[in-house]
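Have a look at the structure below, then the notes.
The values are calculated or read from the model by the stated rules, or taken from the named source; none is laboratory data. Since the structure is predicted, the reported quantities are computational estimates derived from the model, not experimental observations. Note: ideal-geometry Cβ built from the backbone for every residue, glycine included; neighbour counts use all protein chains shown. Surface areas here come from the heavy atoms of the whole protein model, side chains and all, with no ligands, DNA or RNA. Shrake-Rupley method; radii C 1.70, N 1.55, O 1.52, S 1.80 Å.
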Amino acid sequence: MSRIGKKIISIPEGLTVKLEKGKLEVKGSKGVLSLEIHPEIEAMVKDKEISFQIKSSSKKSAALWGLTRALVSNMLTGLTAGYQKNLELQGVGFRMSVQGKKIVLALGFSHPVEVGIPAGLEVKMGEGNTLVVSGIDKKMVGQFTADLRKLKKAEPYKGKGFRYVGEYVRRKAGKKAAAAVK
């Protein structure tokens, strides 16, 4: 039994929830999000509350029960508060700038790297060499920042590359330090 799936979600003020033919649609001032409910899960909307039940008692449906509840909860949070991730770029000569609907990156390659910003996301330059990615869809914000980070992940010897703000990058000793120890 899913402990998460049992919890009832209360609908915040300013959001409207519509459930039709297995599709849950949530509208708010920031936008609209929708989710296709799996056929093994039954969603019910009553009196400013959303609850979920499983139709069959299988291991898969128990897992989908908690997952569905978490996804709907994330939708409501995204439409009320929104989601935000901060990326930091470290390294000599590494630069980035936001130009319209694309990000231009100088990552030590022979050419500048241009990345298009998906619709539904807002990208701004923060203090120093940080990038602030925000939006209403948690999955979209997380996936876009992960894709950006994958372009030049922070390497363990000098720490150059993308990292999340506050992320610790474990450093390794280089050749000189290892040779001096012997």
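Quick check for me: using +1 on Lys/Arg Cβ and -1 on Asp/Glu Cβ, what's the dipole size of the chain about its Cα centre, in debye to the nearest 20? Numbers along the way, then the final one.
Values: 34 positive and 16 negative charges, 218 e Å.
Roughly 1040 debye, rounded to the nearest 20.
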Among chymotrypsin sites (Phe, Trp or Tyr not before Pro) in segment 1-110, those in a DSSP loop whose Cβ has at most 14 other Cβ atoms within 10 Å are PHE109
Straight-line reach check, LYS23, cutoff 14 Å on alpha carbons, 8 or more apart in-chain or any other chain, hits among aspartates and glutamates -> GLU36, GLU40, GLU42
Computed for segment 3-67: size of charge dipole around the Cα centre, +1 on C-beta of each Lys and Arg, -1 on C-beta of each Asp and Glu, debye to nearest 20, value 200
Helix 138-151: inclination vs the chain longest Cα principal axis, degrees, rounded to 10, gives 20
Whole-Å distance linking the alpha carbon centroid of segment 112-182 with that of segment 6-39 is 33
So the angle from the long Cα axis of helix 59-80 to the longest Cα principal axis of the chain, reported in degrees to the nearest 10, equals 70
With a 29 Å threshold on alpha-carbon distance, the violating pairs from LYS152/LYS172; LYS30/LYS153; LYS21/LYS85 are LYS30/LYS153; LYS21/LYS85
Other residues with Cβ under 13 Å from the Cβ of LYS152 give, with Lys and Arg +1 and Asp and Glu -1, a net charge of +4
For the chain, the Cα gyration tensor yields equivalent-ellipsoid semi-axes (√(5λ), largest first, whole Å) of 41, 22, 13
Among LEU148, ALA43, ALA106, the residue whose Cα sits farthest towards the positive end of the charge dipole of segment 38-182 (+1 at Cβ of Lys and Arg, -1 at Cβ of Asp and Glu, taken about the Cα centre) is ALA106
With all protein chains in place and a 1.4 Å probe, GLU49 shows an accessible area in Å² (nearest 10) of 80
